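Trainee: One structure is given below, represented as structure tokens, and several questions about it will come after.
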Amino acid sequence: MAMLSSHERFDDLEEAVQHATAWVHEMRGAGATSAIRRVCVRPSDSWDTDNLRHRHRPLFEASYYHPEQGLTDADVYAARVHDWHANADRVNQNLAHNKAKYRLCYLNWTDEWGPKPTACPACNTALHDDNPFRW
């Protein structure tokens, strides 16, 4: 059995790879506007529940950030910044709505991606990493 990163399960590896290939074509075709960031096929027994990580290397993998996507350096930087902040912002909005005491802080920024941003080039959101209610 094989599994795509959307957590779809397939009994047949060939079928899983066909679906993955279709997703990659969709991702590559959309270029910088693609919502798909990664396509990965792994054996379904890959997840190690004791160590919370995968035991096996992917059988098939494609990334939005690979050169085949055809993005400019500015597109890659904008996507990395947006991916870096968007999930935490979405969770924090929900936590604030529910009057939760704590908020998520952004994950550490790696210098390999470029200079640490103060605003998102993709959505113009001001990025504040001074959250006093950090988890």
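Trainee: Report the gain in length on full extension from residue 123 to residue 44: 0.36 nm times residue separation, minus Cα-Cα distance, nm rounded to one decimal.
Mentor: Fully extending the segment from residue 123 to residue 44 adds 24.9 nm.
Trainee: Would you kindly derive the ³J(HN,Hα) couplings of the range 30-40 from the backbone phi angles with the Karplus curve 6.51 cos²θ - 1.76 cosθ + 1.60 (θ = phi - 60°), listing them in order in whole Hz, with x for Gly and Pro?
Mentor: 7, x, 5, 8, 5, 7, 7, 10, 7, 10, 9
Trainee: Please turn the phi angles of the range 67-81 into ³J(HN,Hα) values with the Karplus equation 6.51 cos²θ - 1.76 cosθ + 1.60 (θ = phi - 60°), one per residue in order, whole Hz, x for glycine and proline.
Mentor: Using θ = phi - 60°, the values come out as x, 4, 5, x, 8, 6, 4, 5, 4, 5, 4, 4, 5, 5, 4 Hz.
Trainee: Taking 0.36 nm per residue of separation and subtracting the Cα-Cα distance, what length does fully extending residue 101 through residue 59 add?
Mentor: 10.9 nm
Trainee: By the scheme Lys and Arg +1, Asp and Glu -1, what is the net charge of all other residues having a beta-carbon under 14 Å from that of residue 97?
Mentor: Here the charged neighbours net out to +3.
Trainee: Measure off 7 Å from each Cα along the Cα-to-Cβ vector at residue 113 and residue 13, then give the distance between these two points in nanometres to one decimal.
Mentor: 3.4 nm
Trainee: Which whole-Hz ³J(HN,Hα) couplings does the range 106-112 yield from phi under the Karplus relation 6.51 cos²θ - 1.76 cosθ + 1.60, θ = phi - 60°, glycine and proline marked x?
Mentor: Values, residue by residue: 5, 5, 4, 7, 9, 5, 4 Hz.
Read-outs: derived from the displayed coordinates by stated rules, not from any lab. Keep in mind that this is a model prediction, so the values were computed, not measured. Cβ: placed from backbone, ideal geometry, glycine included. Neighbour counts: every protein chain shown.
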